[in-house]
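What follows is a single structure, written as structure tokens, with notes after it.
Values in this text are rule-based calculations from the coordinates and carry no lab data. Keep in mind the model is a prediction, meaning the values are calculated, not measured. Don't worry about glycine lacking a Cβ; one is built from the backbone with ideal geometry, like all the others, and counts go over all protein chains shown.
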Amino acid sequence: MDPKVLALFVFLFAALASPAVVMAWVLLARTSKAPVVEGADTRQDARARGHVMRVPFFLLAALFLVFEMGVLILIPWAIGFGWAVEAGLGIAAFAHIVSFLALFAIALAFAIGSGALDWEA
């Protein structure tokens, strides 16, 4: 990479990031050091404050992350599949993605069967 272009990137990064860092530092100096979330003291038990997060929310979030990562794998595969066919790897590439999708289908069936997607459970 050209040193001038690299210097420009470093300068732009510093110019854009430094105001955010300075503002965070100034605003942090004004706040109290007590751990407070939504105006409640976090040293109390969560159930005593009435803030109870149910487990299905976290299960759904974990399932979302798992299937989102699957989409991130499927998109580059779909883009590169034409190249694989041209290289003579079409059947192998197709077999690999079918096995990947089969694992995803098994995971989804397990999530449905175990009740992880039942919000009212």
Query raised in the report: How many nm separate the modelled label positions at residue 69 and residue 14, each set 7 Å beyond the Cα in the direction of the Cβ?
Result: 3.8
Report summary line: Taking r as the C-beta separation of residue 62 and residue 2 and R0 as 41 Å, the FRET efficiency to the nearest 0.05 is 0.40
Query raised in the report: What's the extension gain from residue 81 to residue 21 if we count 0.36 nm per residue and subtract their Cα-Cα distance?
Result: 17.3 nm
Requested in this report: Please work out whether the stretch 53-121 counts as rounded, prolate or oblate from its C-alpha gyration tensor, where a ≥ b ≥ c are the square roots of the eigenvalues and a/c under 1.5 means rounded, while otherwise a/b larger than b/c means prolate and anything else oblate?
Outcome: prolate
